[in-house]
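These notes are about the structure you will find just below.
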Amino acid sequence: MGRLGLAIKSFWAILRTGALPDEVVQRLGLARRGPAKAAPAAAQAGPAEGALQMLGILQRDARLIDFLMEDIAAYSDDQVGAAVRSVHQQCREALNRYVQLAPVIDGVEGTFTKLAGIELTAVKLVGNVPPQPPPGGVLRHRGWRGVKVDLPPLGAKTNLSVVAPAEIEIE
Amino acid sequence: MDSRFVIGIDLGTTNCALAYADTAAMGADPALPPVSVLGIAQLVHPGEVRAEPLLPSALLLPGPADFPAGSVALPWDGADGQVIGRLALRRGAELAGKLVSSAKSWLCHAGVDRTAPILPWTAAPGVRRLSPVEASRLYLEYLRQAWDHAMPEAPFASQQVLVTVPASFDAVARDLTQRAAEQAGYRQVTLLEEPQAAFYAWIERHPGWRERVTVGDLILVVDIGGGTTDFTLIAVTERAGELALERVAVGDHILLGGDNMDLALARLVEAELAQAGRKLDAMQLQALWHNCRAAKEKLLDPESGVDEEPVTILGRGSGLVGGVIKAKLKRADVGRVLLDGFFPEVSSQEEPRRARRVALQEMGLPYAADPAVTRHLARFLRQQASQAEHGAVRRGASGLATPTHVLFNGGVLHAPLVRERLLAVLNSWLAAEGAAPARLLEGEDLMQAVARGAAYYGLARRGKGVRIRGGVPRTYYVGIESALPAVPGLPNPLKALTVAPFGMEEGTQARVPGPEFGLTVGEPAEFRFFSSASRKNDELGALIEEVGDDIEELSPIEVTLPASEGGGPLTPVTLETVVTETGVLQLWCVARDGRRWKLEFNVRERIG
């Protein structure tokens with residue numbers, strides 16, 4: 001699992017549970033020391049910083065966190081749909097700008113695909129899987145691979161824990 | 001020695017662009033080196049610098065609490081003075097009274113002191129203010145720094161630089177632009193008119209252009225930018241057996257552009273929402289404006305094929321879905337607002353509506369009173385009718401100028417709907433004159449054509465391309481009060497002395513025949529100064545008895561003769577006109593013994 005894998009895993013784990021997954025903690029040699037103490041500010045952005053920065057960008061450009069944290073049960077599909085179009089488009093623009101994504105297997109879903117030459121860590125085998133890796137199977141999902149992450153450099157004083165600043169209007 | 005690079009700068013009302021030609025890349029290839037566009041590094045978010053092809057002409061004067069410390073530093077300058085570009089535009093929408101925009105429109109507004117700190121016009125108390133000249137200087141300085149950052153081996157100050165101005169800029173606004181460029185550290189700067197630059201860009205893209213036009217053709221350039229509309233006529237003539245190009249007419253300054261159109265669409269949606277009982281606050285209006293522009297572009301794109309686009313304004317707080325405001329922009333509405341409002345089908349006889357004279361008019365920019373671009377165009381083409389001398393301007397039966405080709409420039413004219421309408425209206429006029437329909441010269445890259453064309457013109461000035469002959473785009477006059485007995489309550493009748501005839505060429509000078517003026521030494525002498533875009537047959541020294549509507553007053557010009565120069569208290573002088581190689585108009589007072597003093601534009605004075 002490369003830096004990007006770690007970052008994405010951390011990203012979703014933080015999004016769902018508010019904490020780094022055990023796997024990431026282990027791999028980075030981190031220890032859980034209670035909620036108050038975050039990892040010491042590193043000169044280079046670690047996975048947690050990267051994840052928070054990405055969250056910050058998606059909130060800033062597309063208001064993704066506002067959307068995910070809102071209880072939308074009470075609203076009509078029509079209303080949710082109107083908001084989603086806007087959030088979706090802007091999320092997509094932000095993602096395209098900062099992360100370059102490509103399919104793991106650039107094939108047609110539903111067709112037979114050879115496994116030769118493809119690293120197994122990038123493939124999930126499902127269904128009737130034999131003990132030895134088979135020559136191929138039907139492509140069900142092309143997968144996604146982060147080709148490049150191009151996040152803006154962080155200033156020394158950037159407080160990444162603020163994913164979205166509070167807004168106060170002076171009238 | 002000629003510099004390696006030729007830099008063309010489009011100093012726009014809403015966006016700036018920078019293009020350049022690398023003469024070192026020419027080599028043995030006789031073809032001209034391609035002109036490239038420089039990505040302009042700019043802050044797009046706090047702490048995030050990115051190179052973009054356009055630099056929004058937006059300047060934010062932030063207070064200490066508006067950005068986290070150090071987050072608006074640039075790669076070449078750590079100072080947190082002002083923010084220019086994309087971030088300024090973005091953050092400026094959230095900060096009332098700290099954003100300077102449309103500085104260029106203020107630069108040619110004779111109703112204000114353009115060297116006084118007046119911007120932002122609606123500045124919050126305690127906010128630093130800038131003069132329109134200073135704001136322009138800061139944009140130009142920014143572009144210089146961005147170049148030096150991107151091209152450290154070729155310092156900006158040693159390159160040949162061309163800065164474009166609207167063709168409708170008068171001598172004062174051109175002088176102020178030149179001054180701003182010099183203050184920004186520009187050493188070799190030449191001014192060029194934007195519609196000409198757009199035409200140069202077309203030539204650059206079409207090396208075989210000589211096969212597409214013939215002697216006697218007349219090319220109309222319509223340039224509709226974010227804030228201004230500019231018309232120019234270029235005639236194809238012959239000189240020593242070769243095709244030559246002459247700029248034969250420029251239009252008046254019209255403050256009307258794409259921003260007005262987007263705002264009109266936003267107002268339409270706002271009115272619909274208001275009927276449904278939804279009120280928007282200032283920031284939601286900004287979002288609405290922005291979203292309407294995006295929706296309009298989608299609707300006007302012939303490939304999108306949609307009939308309506310949702311315009312969504314998300315809830316302000318964290319209740320994004322709960323507070324969502326939905327509206328729709330229909331293709332039919334866009335067509336109606338744009339075409340009927342801004343490009344109505346009118347006859348060539350129609351004149352733009354004049355503003356009602358209100359005694360107490362709110363100060364601000366003098367926006368065009370009539371939003372109909374087609375009426376302004378009709379007036380421009382008809383203005384050419386009264387000139388009998390200019391054979392190069394082909395005219396129809398009623399005297400309307402009848403262009404054979406049209407070149408469009410500016411973001412608004414991206415939309416095929418708008419192009420088609422404008423061309424259809426023009427062709428209906430041409431048909432009424434018995435002239436053939438005008439053909440469209442396909443330009444590309446409407447957003448950067450002006451900067452590209454400016455770089456090409458730089459090469460043309462070195463003899464490596466065709467040059468459009470133009471000269472002074474207006475006729476200039478100084479006012480002379482007639483020596484009649486004064487009538488109480490009435491000002492003395494004013495006459496106008498022609499000091500620079502239309503088309504006076506760059507790099508020439510001429511003594512103005514006519515009266516001598518007696519100037520008192522040691523005291524400032526002021527001349528009233530006038531111009532006309534439509535009177536093109538007044539010769540140097542001609543005295544106009546009646547100053548009519550076709551002559552417009554500019555800022556006065558003044559000169560002070562130093563007392564220490566000797567001689568009597570009253571020095572008789574004559575006037576001399578100089579048009580510099582870089583296209584700047586200068587007036588000089590010349591004494592009998594040959595001593596000279598330059599007349600300066602007094603932009604501090606307000607015109608009533």
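The values are calculated or read from the model by the stated rules, or taken from the named source; none is laboratory data. These numbers come from a predicted model, not from an experiment. With ideal geometry, Cβ positions are generated from the backbone for all residues, glycine too; neighbour counts draw on all protein chains shown. With ligands, DNA and RNA removed, areas are computed over all heavy atoms of the protein, side chains included. Shrake-Rupley method; radii C 1.70, N 1.55, O 1.52, S 1.80 Å.
Considering only residues that are open to solvent by 10 Å² or more (accessible area, probe 1.4 Å) and in a strand (DSSP E or B), which ones fall in segment B:140-181?
B:160
Among what's in segment B:299-327 and is touching a residue at least 40 places away in the same chain (Cβ under 8 Å) and within 13 Å of chain A (Cβ to nearest Cβ), pick the residue that is farthest from residue B:428 (Cα to Cα).
B:325
Residue by residue, here is whether (1) within 18 Å of residue A:62 (Cβ to Cβ); (2) at pLDDT 90 or above; (3) open to solvent by 100 Å² or more (accessible area, probe 1.4 Å); (4) outside any loop (DSSP other than H, G, I, E, B) holds:
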residue	(1), (2), (3), (4)
A:79	yes, no, no, yes
A:86	yes, no, no, yes
A:90	yes, yes, no, yes
A:95	yes, yes, no, yes
A:116	no, no, no, no
A:128	no, no, yes, no
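Could you grab me the full set of residues in segment A:42-68 that are of a type in the set (D, E, K, R) and either surrounded by fewer than 15 Cβ atoms within 10 Å (Cβ to Cβ) or more than 13 Å from chain B (Cβ to nearest Cβ) (or both)?
A:49
Restricting the search to segment B:493-524, which residues are more than 23 Å from residue B:469 (Cα to Cα), assigned to a strand (DSSP E or B) and open to solvent by 20 Å² or more (accessible area, probe 1.4 Å)?
Kept after step one, since they are more than 23 Å from residue B:469 (Cα to Cα), are these residues of segment B:493-524: B:493-497, B:513-524.
If we keep only those that are assigned to a strand (DSSP E or B) too, we end up with B:494-497, B:517-520, B:524.
B:494, B:495, B:517, B:518, B:520, B:524 - these are the residues of segment B:493-524 that are more than 23 Å from residue B:469 (Cα to Cα), assigned to a strand (DSSP E or B) and open to solvent by 20 Å² or more (accessible area, probe 1.4 Å).
Check whether at least one residue in segment B:89-96 is within 14 Å of chain A (Cβ to nearest Cβ) and touching a Lys or Arg at 6+ places or on another chain (Cβ under 8 Å), and report yes or no. Write out each step before concluding.
Initially, segment B:89-96 is screened for residues within 14 Å of chain A (Cβ to nearest Cβ), giving B:90-91, B:93-96.
Applying the additional criterion that residues be touching a Lys or Arg at 6+ places or on another chain (Cβ under 8 Å) yields none.
Checked segment B:89-96: no residue is within 14 Å of chain A (Cβ to nearest Cβ) and touching a Lys or Arg at 6+ places or on another chain (Cβ under 8 Å).
Tally the residues that are in contact with a helix residue (DSSP H, G or I) (Cβ under 8 Å, 6 or more places away or on another chain), more than 22 Å from residue B:75 (Cα to Cα) and assigned to a loop (DSSP other than H, G, I, E, B), restricting the search to segment A:136-159.
Number of matching residues: 1.
Just checking, does segment A:69-83 include any residue being in contact (Cβ under 8 Å) with a residue 12 or more places away in the chain and either facing another protein chain (nearest Cβ under 9 Å) or closer than 30 Å to residue B:328 by Cα (or both)?
Applying the first criterion (in contact (Cβ under 8 Å) with a residue 12 or more places away in the chain) to segment A:69-83 yields A:83.
With the extra rule that they be either facing another protein chain (nearest Cβ under 9 Å) or closer than 30 Å to residue B:328 by Cα (or both), the set shrinks to A:83.
Taking every residue of segment A:69-83 in turn, at least one turns out to be in contact (Cβ under 8 Å) with a residue 12 or more places away in the chain and either facing another protein chain (nearest Cβ under 9 Å) or closer than 30 Å to residue B:328 by Cα (or both).
Filter segment B:328-346 for residues that are among the aliphatic types (A, V, I, L, M) and either within 16 Å of residue B:263 (Cβ to Cβ) or open to solvent by less than 30 Å² (accessible area, probe 1.4 Å) (or both); which is nearest to the other protein chains (Cβ to nearest Cβ)?
B:329
Condition first: more than 22 Å from the chain's Cα centre (by Cα), in a loop (DSSP other than H, G, I, E, B) and acidic (Asp, Glu). Now tell me which residues in segment B:68-119 satisfy that.
Matches in segment B:68-119: B:80, B:94.
Based on what the data block shows, is residue B:44 surrounded by 21 or more Cβ atoms within 10 Å (Cβ to Cβ) and part of a strand (DSSP E or B)?
Details: surrounded by 21 or more Cβ atoms within 10 Å (Cβ to Cβ): no; part of a strand (DSSP E or B): yes.
In short, no.
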